[in-house]
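> Could you have a look at this structure, given as structure tokens, before my questions?
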Amino acid sequence: MSSDRNRQVYVVVWDLASKEAICGNQAQVESAGVTYCVAYSNVSDDIFVTGGDGTLRVWELDVGNRKIKATNVVMGQLKRVVKCIQMADHMAEPFFFCGTTTGDIIGINMRTRLFQVQGPKKELFSKGVTSLALLKSGDFLVGAGDGEVALAKFYKKQDKGEVLFEKKRSWKDKNLSNLSSPAITSIALRGDGHQFYVGAANSQIYRFNYSEFVSGGGDQKQINKKTGLKIEKKTQTDDKGVELVKTCHSKAVKDVVFPFGFSNLIVTCQEEEIRVWNMSTKKEILRHVVANKTCNAVCITRDGKTIFSAWDDGIIRGYGFSKDGKSLKQKFERGEAHSKGVTAISCTSDGRRIVSGGGEGQVRIWDITKSMNMKGEDVYIIKLAETMMEHKGTVSDVKITNGDLECATASNDGTCIIWDLENKRRKGIVFANTLFKCLTYDAKEVQLVTSGTDRKIGFWETHGGERIRDLDGSSSGSVNAIDLSPDGRFLVTGGDDRMIKVWTYQEGEVVGVGIGHSDSVIKVKICPNQNLIVSVSEDGAILIWKFPFTPRC
């Protein structure tokens, strides 16, 4: 299904063998809302169902005449927005079931095209039913908008013949608060359903063992110690049979850094979060959350003990690792660091000075001193040393030289400025008709390499600011990220063209191209031992690439 500029959704049937469209039609009538989901019949290749806002239709395909015909399901007075469909037309009584934003599941008879069953009628699923899966037993796995995974079934009451709904088992991730619980987006059965996988909107995947999951919940009879009577009590759901197998960022990854001289760890950031990852296991080690804020950039001191972070609320936050290494502990918080958010950050080799850039265009130098309070606890004092106001636009990147004597900043105003950190004044400036996105020094720190929205990779003299040469970094879209290899022989770039490119520094030739991102690349980093490249993108992906050349000692 796809939509046009007028938000009209069309359904198209394709022949997979010839890779050609057979036929298509508008997915809903003019008076209905948007169509959200589609499901194919389990018994016929010529029947499928679509559902959405006030629309639920059964389609029949005529391949010979290249036509599809829709039959609207008769819902009576019931109005629903369908978000997911589960076919059950292979059963003795053919049905299909729909999860709705109201929080109930409705069943439609495939023979009559009539609405017949509904449940639950009282305790609805919070934030709607977002995914469904049918087991061989006839039970349902239900995913809800509040992160709940439930085992449920429809059954007939023998005395009245009434169809009832029963929730057998329910689970939610206890590590997430009720306010931040993400919707369940998908449920996939393995084999006959002895295991199943659940995907959530926060880019986490859980693996469930069905037998343990079923036995882990439900009502339990407990004895009241005072009266001695047995009482039925609905127990809180546990994590029996549930394993978190994969995590990833759910929103754009703003930055990625390696600790100095250590290639087995990376630190990334996104909206509300800083995460630390193990490069060997490719798994998340820890996560730190600051609600309703966005971390724009991070940097790590050379000793690896402190992570400095730049946030959109104008605060610079410093974190250290807890004793058990499973969480981050805040060391300090410097408020009002920048009036329009902190957009770039870097620290000196001794970790005693920070250079930050802001959305208002200011570059600020901060001195860090450590003392001790009456309890014997470390106290960090962050003092503003200088404010440099040359840029007229957002500062997008900051790089400090190895000797800590100067730094370079890139800005959206089309300038890159080299600053003398000792005298705290401008040392040089370069101009270009572009919005600069990133920069880096060469190995000898006598040249500056920049890139931005003009799709050019620019090489500049740090002394005098003269342009040396330009390379065409991309044929479409800006170049957002650049990094120099530790041996100084290669550059790696990434941008809106979604490609990772490896360049020889001296010749300026592309010697490697990586294709895999599905959205714009935001940052790239080469690991210190020069074996891997890590790139992050707008869609939250972290991709790890094998560096194509052996480092030179």
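> Suppose we filter ALA541, ALA481 for residues that are closer than 20 Å to ALA432 by Cα and of a type in the set (A, V, I, L, M); which single one remains? Talk me through it step by step, then tell me what you get.
Details: ALA541 fails: closer than 20 Å to ALA432 by Cα.
Just a single option satisfies the conditions, and that option is ALA481.
> One residue is enough: does the range 322-334 have a residue meeting the conditions surrounded by fewer than 17 Cβ atoms within 10 Å (Cβ to Cβ), within 23 Å of the chain's Cα centre (by Cα) and not hydrophobic (A, V, I, L, M, F, W, C)?
Yes, the range 322-334 contains at least one residue that is surrounded by fewer than 17 Cβ atoms within 10 Å (Cβ to Cβ), within 23 Å of the chain's Cα centre (by Cα) and not hydrophobic (A, V, I, L, M, F, W, C).
> Let me ask something else about it. Taking SER476 as the residue in question, decide whether it is outside the structural domain of GLN270 (by TED's automatic domain parsing) and either within 21 Å of CYS299 (Cβ to Cβ) or modelled with pLDDT of 95 or more (or both).
For SER476, the condition - outside the structural domain of GLN270 (by TED's automatic domain parsing) and either within 21 Å of CYS299 (Cβ to Cβ) or modelled with pLDDT of 95 or more (or both) - is not met.
> Going by the conditions given, is SER309 of a type in the set (Ser, Thr, Tyr) and not in a strand (DSSP E or B)? Break it down into steps so the answer makes sense when it comes.
Numbers: of a type in the set (Ser, Thr, Tyr): yes; not in a strand (DSSP E or B): no.
So SER309 fails the test.
> If a residue has to be closer than 17 Å to LYS153 by Cβ and crowded, with 22+ Cβ neighbours inside 10 Å to count, how many in the range 120-139 make the cut? Before you say what the answer is, go through the steps one by one.
Step one: of the range 120-139, the residues closer than 17 Å to LYS153 by Cβ are 120-125, 129, 131-139.
Okay, now just the ones that are also crowded, with 22+ Cβ neighbours inside 10 Å, so 125, 129, 131-132.
Count: 4.
> Pick from GLY64, GLY52: which is under 30 Å from ASP146 (Cβ atoms) and among the small types (Gly, Ala, Ser)? Can you show your working first?
Working: GLY64 fails: under 30 Å from ASP146 (Cβ atoms).
Result of the check over GLY64, GLY52: GLY52.
> Go through the range 40-79 and give me each residue that's under 16 Å from LEU132 (Cα atoms), out of contact with any Asp or Glu (no Cβ under 8 Å at 6 or more places or on another chain) and crowded, with 19+ Cβ neighbours inside 10 Å. Please lay out each step first, then the result.
First, pick out the residues of the range 40-79 that are under 16 Å from LEU132 (Cα atoms): 40-42, 49-52.
Now narrow it down to the ones that are out of contact with any Asp or Glu (no Cβ under 8 Å at 6 or more places or on another chain): 40, 49-52.
If the condition is that a residue be under 16 Å from LEU132 (Cα atoms), out of contact with any Asp or Glu (no Cβ under 8 Å at 6 or more places or on another chain) and crowded, with 19+ Cβ neighbours inside 10 Å, then VAL49, THR50, GLY51, GLY52 are the ones that fit.
> Let me ask another. So the check is Cβ under 9 Å with 6+ separation or different chains; which pairs have a first residue in the range 64-87 that's within 14 Å of GLY24 (Cα to Cα) and a second one that's among the small types (Gly, Ala, Ser)?
That search, which allows pairs on different chains as well, returns ILE68/GLY24; ALA70/ALA27.
Okay, residues lined up against (1) part of a loop (DSSP other than H, G, I, E, B); (2) modelled with pLDDT of 95 or more:
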position	(1), (2)
THR294	no, yes
ASP313	yes, yes
TYR319	no, yes
LYS340	yes, yes
VAL355	no, yes
VAL379	no, no
HIS391	yes, yes
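> So ARG552 ticks every box in (1) closer than 25 Å to PHE459 by Cα; (2) part of a strand (DSSP E or B) but one. Which box is left unticked?
(2)
> Look through VAL536, VAL524, VAL492 and report the one residue that is under 30 Å from GLN204 (Cβ atoms), hydrophobic (A, V, I, L, M, F, W, C), over 22 Å from the mean Cα position of the chain (by Cα) and not assigned by TED's automatic domain parsing to the domain that holds TRP277. Give the steps one after another, and end with the answer.
Details: VAL536 fails: over 22 Å from the mean Cα position of the chain (by Cα); VAL524 fails: over 22 Å from the mean Cα position of the chain (by Cα).
Exactly one of VAL536, VAL524, VAL492 is under 30 Å from GLN204 (Cβ atoms), hydrophobic (A, V, I, L, M, F, W, C), over 22 Å from the mean Cα position of the chain (by Cα) and not assigned by TED's automatic domain parsing to the domain that holds TRP277, namely VAL492.
> Go through (1) exposed (fewer than 14 other Cβ atoms within 10 Å of the Cβ); (2) outside any loop (DSSP other than H, G, I, E, B) one by one and return the number of the condition ILE522 breaks.
Unmet condition: (1).
> To continue, here is another question. Looking at the range 250-280 only, could you name the residues that are of a type in the set (A, V, I, L, M) and part of a loop (DSSP other than H, G, I, E, B)? Please lay out each step first, then the result.
Within the range 250-280, the subset of a type in the set (A, V, I, L, M) is 252-253, 256-257, 265-267, 274, 276, 279.
Within the range 250-280, ALA252, VAL253, MET279 qualify.
> Considering each residue of the range 398-423, count those that are crowded, with 18+ Cβ neighbours inside 10 Å and in a strand (DSSP E or B), and give that number.
14
> Right, something else. Among the numbered criteria (1) among the β-branched types (Val, Ile, Thr); (2) more than 26 Å from ARG489 (Cβ to Cβ); (3) surrounded by fewer than 17 Cβ atoms within 10 Å (Cβ to Cβ), which one does VAL395 miss?
(3)
> Can you tell me which residues in the range 89-112 are touching a residue at least 24 places away in the same chain (Cβ under 8 Å), surrounded by fewer than 19 Cβ atoms within 10 Å (Cβ to Cβ) and among the small types (Gly, Ala, Ser)?
GLY103 - this is the single residue of the range 89-112 that is touching a residue at least 24 places away in the same chain (Cβ under 8 Å), surrounded by fewer than 19 Cβ atoms within 10 Å (Cβ to Cβ) and among the small types (Gly, Ala, Ser).
> Of the residues ALA344, ALA410, which is aliphatic (A, V, I, L, M), closer than 28 Å to ASN292 by Cα and within 24 Å of the chain's Cα centre (by Cα)? It would help to see each step written out before you state the result.
Working: ALA410 fails: within 24 Å of the chain's Cα centre (by Cα).
ALA344 is the lone residue from the list that is aliphatic (A, V, I, L, M), closer than 28 Å to ASN292 by Cα and within 24 Å of the chain's Cα centre (by Cα).
> Hey, can you tell me all the residues within the range 45-69 that are under 16 Å from ASP15 (Cβ atoms) and in a loop (DSSP other than H, G, I, E, B)?
Hits for the range 45-69 are ASP45, ASP46, VAL63, GLY64, ASN65, ARG66.
The values are calculated or read from the model by the stated rules, or taken from the named source; none is laboratory data. Keep in mind that this is a model prediction, so the values were computed, not measured. Positions of Cβ are generated from backbone atoms using ideal geometry, with glycine treated the same way; all protein chains shown enter the neighbour counts.
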